[in-house]
Structure formats: structure tokens, C-alpha cells
Amino acid sequence: MRHLAFALITTFYLALSHADAAELRIAAASDLRWVMPTLVDEFVDQNPDASGRIQVVYGSSGRLFGQIQNGAPFHIFFAADESFPRALVAEGGACGTVFAYAQGGLALWSRRQTWDETVEPGANLLNSRGRIAIANPQHAPYGRLALEWLQSLREWPDLEKRLVYAESAAQAAHFVRSGSAEVGVLAKALTQHQEMQRGHSRELTNGPRVQQAMVITRAGAEIALAKDFYTFITSDKAREIFTHAGFYSIEDSE
Amino acid sequence: MSANDLQAVWLTLQLAAVSTVILLILSLPLAWWLSQTSSRWRPFVEATVALPLVLPPTVLGFYLLVALGPEGFIGGSLEALGLQHLAFSFTGLVIGSVIYSLPFAVQPLQNAFSNVPRELLEAAACMRARFTDRFIHLVLPLAKRGFITAAVLSFAHTIGEFGVVLMIGGNIPGETQVVSIAIYDHVEGLNYSAANQLSLWLLAFSLLVLLVVYSLNRGQAVMKLRGA
């Protein structure tokens, strides 16, 4: 009996003790995996008391959107596509202004195969071998972008059967980085990741781009740190970090 | 190991410990009833308990997310009472793990209870031992191995859980990011060395657990009648 009481008390204690939540929880599209830590570091440099109070959770924009809709405790939502924050505002999951912080483009990447820059990227893909990894077009904006681009190619009918779909932009990068897929049509920003340096990439300069945007969610409306971070992202310094990390700035297109 | 990984390990151990205790408490009456009853409902209950063995974790996770979230009937009722809904929370994970690991607690216990010789119980009853006496002094000691197996398997199975936690957890460090999710996150972040380190720990741990279970069960035949 004493053992049972002990077990129950321990259980109760354990169930309580986990609650040590960070104050600002950011949900970020997975193409931001490489740039987000730099942004957070810079923000903490500017606001030393924010140190250790920010947490970033990554996922595909669609999945994060669904989780926020279902009450996930995220305070700022950085999507890879402005349609998601706009939809969140439209149905009351967020109340702030949607801010477009950068534009993302695509790049071809392969670990072993090189790209002949004298021919069209479509011909590059046709000449390549093996599986082509892209993110899932249903819920990952970069997957949709990559699919649109592929479908616009003359070579599309021959490429279609070679596609494999990853959960998110970052997982598509992982598929090619690990070698399980030979080539990938990836978020350009991810191909600048340190881990992706030992490979061959070709930027699709004239390819489609996606407008990336963020919004403060309903859960983050009362959080001062969320507003500060939001303001920081609108600053010139943040824009510089995005550009340095392989994003296009919003002005480029206008 | 990074602070974040240690946090994930600690969270996983908490989740497994809490789920195991709850599972043992729930399974005890259920397994006893299943081992003794000749009710025609028995196959139905047994099948329900065994469902998580065959059901994809995504199905269970999906239903749980729908039920526990702010729109669902459980989460919604809680919200109506002014409480928090349970999706993306530690409590939600515990509920998911308990359902998901239920067969791993019930089945070893049920087997152990069925192996308690009926004659012993009847003899004890003839000596006017009440049900609680019989249960505490005969059934529990004889079913000890069943308890250990149930506890070890539930604990280990919760640690190895991935699909359900991914669906209802939301990958929040310190709250719902367990080791298996942390590994997934490291792989997606191309952080292979960290993924490798955590995976090796998990591999070693799982092997150890199975070794314990199998060495315990080796002597099972001895456990028949040993003067009560």
C-alpha cells in the first residue's frame, strides 16, 4: 500500500513539474531552419533580457497552421507563404497585421550530380538520374512552388514519375543530403545550410518565388516579447540577415 | 548532449513513468475481469484493448487530436468549464500514451492472472479467506512476473512512441518534445550527429529493456505451484 501511495504521489509530482514553458514560442516554416537561430541571436544581442526566453518550433507551414487552429500555444507564426497567416487572421486565430518579411526561391541540389549551367534547368533534371525530392505540395509552400515550376517544364512528363514527397521543405533537403534521393528541388535558403555545402546547387534565378509572411497569433496577442520580436523582424537588420541567408528581399520584385 | 536533448530525455522519462503507473492501475481490474469472466462481451473487450496493436498511430493520433482540441467534445467541454483544452499538452500526451500502450499492460497481466491455479483460490476460499485476502496474498504474489513484464513493456513502449505524440504533441521543447520527436527534428534540421547520439541511447535502452523482459520470462515455468 505504501508503494502505491508513493507511486501516486510521484506521478502527481511528475505530472506537474514539466511546466517550465518559454515565454515566446515561435512556429516557423521549416525553410527558416537555417536563418532563424541567427535572427534570434541578433534579437537577444539587442535585448539581453530575452536570453533563454525564446523557443522556435519548426514544421511545414500547413501543419503549423493546422496546429495553431487546434489551439497550439504558438505566439508568432512565420509561414513560408502569406496565404497561411492571412487565413489565420480571416478565421480569428490571429488578430495582428500580416507582415511579409522575405521572398523565397528555389534551387536544384544534388550531392553527387553536377549541374551543367549552359543548358536550361529542365534539361539538367532530365539528364540527372534517380529520385527527385520535393516537399509535399499539399501543405508545404515550397512543395507547391517546386511542383508548379516542374509542371511548367517541357520535360515534366518524363520527370513526374521520379518525384518523392517529403513532409516539409527541410525534410526534402534531408532526403537529398542523406543521398536517399539523388536530386532535389529545394528552398534556396536551405541549400545554403552548412550541412549542404558539400554538394552541387544551381539557383533557379528566373524560377517562381513565394512571398513569406508572419503574424502574431491570438495566443501571442498579450505577450510583449512577441511584439518586440515582430518589430525586430520589420527592421533593416533583420532584412539584411534574411538576404544574407539566401532570401530575396521584398523590394527586389517591385 | 545539448540542454534541449536532456530536456527531451527527462520529459520522455516523466511521460513513461506517469503513463506506466496509470496503466497499471487501470489494467489491474480490467485484466482480472478478462481472466475470470465467461461473459460474451469478453471477446469484444479484448479486441478493443488490442486495437492499438494494429491501428496506425496516425489514426489514434487523429481521433485524439480531434477529441482533445478546443473544437473536440473533451477539449471543448473543458474549455466551456474555463479550463485548458488538452491538445499540445503533457496531459494530452499522457492520455495518448495510456491508450496506445494499453495492450502492453493488460495482456501480460491477463496471462499471469489466468495462470494462477484455480484450485488454490478455491482452497483459500474454503478456508474462509475473503476476496481481498485471496487477491493480495495469492494472486498478486503469483502474478508478480506479469506485473513486472507489464510495467517494463508499458514503460518501454511509451518511450518508443512516435506517431501519436507527433499528431497530438506539436513538438514543443520541454512540453511535448519527447526523444523520438527530438530525433526526428534533428534529422530534419540536418543535425545528424545529434540525431545519431540520441538514437544510440534509445537503441541501447531498448535492448536493455528487452533483455530484462526475456531474462525474467526464462524462468516462467518454475512459477507454477510452489506451496502457497
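The values are calculated or read from the model by the stated rules, or taken from the named source; none is laboratory data. Bear in mind the structure is a predicted one, so any value in this text is a computation, not a measurement. Methodologically, a virtual Cβ is constructed for each residue, glycine included, from the backbone with ideal geometry; neighbour enumeration extends over all protein chains shown.
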May I ask you to list the residues in region A:144-168 that are in contact (Cβ under 8 Å) with a residue 60 or more places away in the chain and assigned to a helix (DSSP H, G or I)? A:ARG144, A:LEU145, A:GLU148
If I filter region A:14-27 for residues that are among the hydroxyl-bearing types (Ser, Thr, Tyr), over 30 Å from A:THR205 (Cα atoms), modelled with pLDDT under 95 and in a helix (DSSP H, G or I), do I get at least one hit? yes
Go over the candidates A:ALA146, A:ALA173, A:ALA224 one by one and state the one that is aliphatic (A, V, I, L, M) and surrounded by fewer than 16 Cβ atoms within 10 Å (Cβ to Cβ). A:ALA224
Could you identify the single residue in B:ALA17, B:ALA31, B:ALA67 that is at the interface with chain A (Cβ under 9 Å from one of its Cβ atoms) and in contact with a Phe, Trp or Tyr (Cβ under 8 Å, 6 or more places away or on another chain)? B:ALA17
Enumerated helices (runs of 4 or more DSSP H) restricted to region B:23-139, each holding at least 3 residues that are within 27 Å of B:ILE159 (Cβ to Cβ) and of a type outside the set (Ser, Thr, Tyr): B:42-54, B:57-68, B:90-114
In region A:74-91, the residues that are under 23 Å from B:LEU83 (Cα atoms) and surrounded by fewer than 21 Cβ atoms within 10 Å (Cβ to Cβ): A:GLU91
Please work out if B:GLU46 is more than 9 Å from chain A (Cβ to nearest Cβ) and of a type outside the set (A, V, I, L, M). yes
Scope region A:113-148; condition over 18 Å from A:GLY207 (Cα atoms) and over 25 Å from the mean Cα position of the chain (by Cα); matching residues: A:GLN113, A:THR114, A:ASN127, A:SER128, A:ARG129, A:GLY130
Would you mind telling me which numbered condition in (1) surrounded by fewer than 21 Cβ atoms within 10 Å (Cβ to Cβ); (2) free of Cβ contacts under 8 Å to residues at least 24 places away in the same chain B:ARG145 fails? (2)
Meets criteria (in a strand (DSSP E or B) and more than 13 Å from every other protein chain (Cβ to nearest Cβ)) for A:ALA100: yes
A:PHE78: more than 14 Å from chain B (Cβ to nearest Cβ), closer than 26 Å to B:PRO173 by Cα and either touching a Leu at 6+ places or on another chain (Cβ under 9 Å) or among the basic types (Lys, Arg) (or both), yes or no? yes
Is there any pair with a first residue in region B:15-35 that is closer than 22 Å to B:GLY92 by Cα and a second that is surrounded by fewer than 17 Cβ atoms within 10 Å (Cβ to Cβ) and of a type in the set (Val, Ile, Thr) whose Cβ atoms are under 9 Å apart and which are 6 or more apart or on different chains, and what are they? B:ALA17/A:THR10; B:VAL18/A:THR10; B:VAL21/A:THR10
Got a number for residues in region B:181-209 being more than 14 Å from chain A (Cβ to nearest Cβ) and touching a Ser or Thr at 6+ places or on another chain (Cβ under 8 Å)? 1
Tally of residues being within 11 Å of another protein chain (Cβ to nearest Cβ) and assigned to a helix (DSSP H, G or I) across region B:140-180: 5
